[in-house]
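Here is the structure we will look at, set down as structure tokens.
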Amino acid sequence: MNEAVRAFDAQGKELGMIITVTDADGYGGNIKMTLGVDVSGTITGLEILEISETAGLGMKAKDASFREQFKGIKADRVEYVKGGASKDNEIDAISSATITTKAVTAGVNGALAAYRMLGGDVSE
């Protein structure tokens, strides 16, 4: 985990956390990402901040179609599958870029663990 901050609205009501993590196991090295998690433990968004994966393959992790799979998940862990996610905590792997998918998913799971350690509650 690189950083975690709590987000509040104008009236001081907590909205959730923004957590930045780096996973060192990408195909091209570090993948730095930021995850938003609301007070109910639901992922509100994922942004890739730094990535050096293979063009046309692992770089697809930056595409909205991949990142938006995480949005709306409320679970202790996110899993990736090949060929069609069927559970609420699953996302589809990037075709031919399993190492990148694994690294991003590990980063998301690290951020969810940090969320719980910092006082958030994620449950299926």
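Only the coordinates and a few stated rules stand behind these numbers; no lab work does. What you are looking at is a predicted structure, and each value in this text was computed from that prediction instead of being measured. No Cβ is skipped: glycine too gets one built from the backbone with ideal geometry, and neighbour counts run over all protein chains shown.
Across the chain, how many lysine pairs, 8 or more apart or on two chains, come within less than 16 Å at their alpha-carbon atoms?
Count of close lysine pairs: 10.
Is the shape of the range 56-124 rounded, prolate or oblate, going by the alpha carbon gyration tensor and its root eigenvalues a ≥ b ≥ c, with a/c under 1.5 for rounded and a/b larger than b/c for prolate?
Prolate, because a/c is 1.5 or more and a/b exceeds b/c.
Excluding Lys13 itself, calculate the net charge of residues whose Cβ lies under 12 Å from the Cβ of Lys13, where each Lys or Arg counts +1 and each Asp or Glu counts -1.
Working: positive: Arg6; negative: Asp9, Glu14, Asp38.
Combined, the nearby Lys, Arg, Asp and Glu give -2.
By average Cβ neighbour count within 10 Å, what is the ranking of 41-47, 76-82 from highest down?
Peptide ranking by packing, descending: 41-47, 76-82.
Just from its helices, what would the mean residue ellipticity at 222 nm be for the chain, if runs of 4 or more DSSP H residues each count -39500 (n - 2.57) and the sum is divided by every residue, rounded to the nearest 500 deg cm²/dmol?
Values: 2 runs with 24 residues, N = 124.
Value at 222 nm, helices only: -6000 deg cm²/dmol.
What translational diffusion coefficient, to the nearest whole µm²/s, does the chain have by Stokes-Einstein, given a Kirkwood radius computed over alpha-carbon pairs, a temperature of 20 °C and 1.002 mPa s viscosity?
Numbers: Rh = 14.4 Å.
The calculation lands on 148 µm²/s.
Using alpha-carbon positions, what is the distance between the centroids of the range 98-112 and the range 1-70, in Å?
One Cα centre to the other: 10 Å.
From the square roots a ≥ b ≥ c of the eigenvalues of the alpha-carbon gyration tensor of the range 25-68, which class results: rounded (a/c under 1.5), prolate (a/b over b/c), or oblate? Could you put the intermediate results ahead of the total?
Values: a/c = 3.46, a/b = 1.98, b/c = 1.75.
Cα axes put the range 25-68 in the prolate bin.
Which order do the peptides 83-92, 66-75 come out in when sorted by mean C-beta neighbours inside 10 angstrom, highest first?
66-75, 83-92
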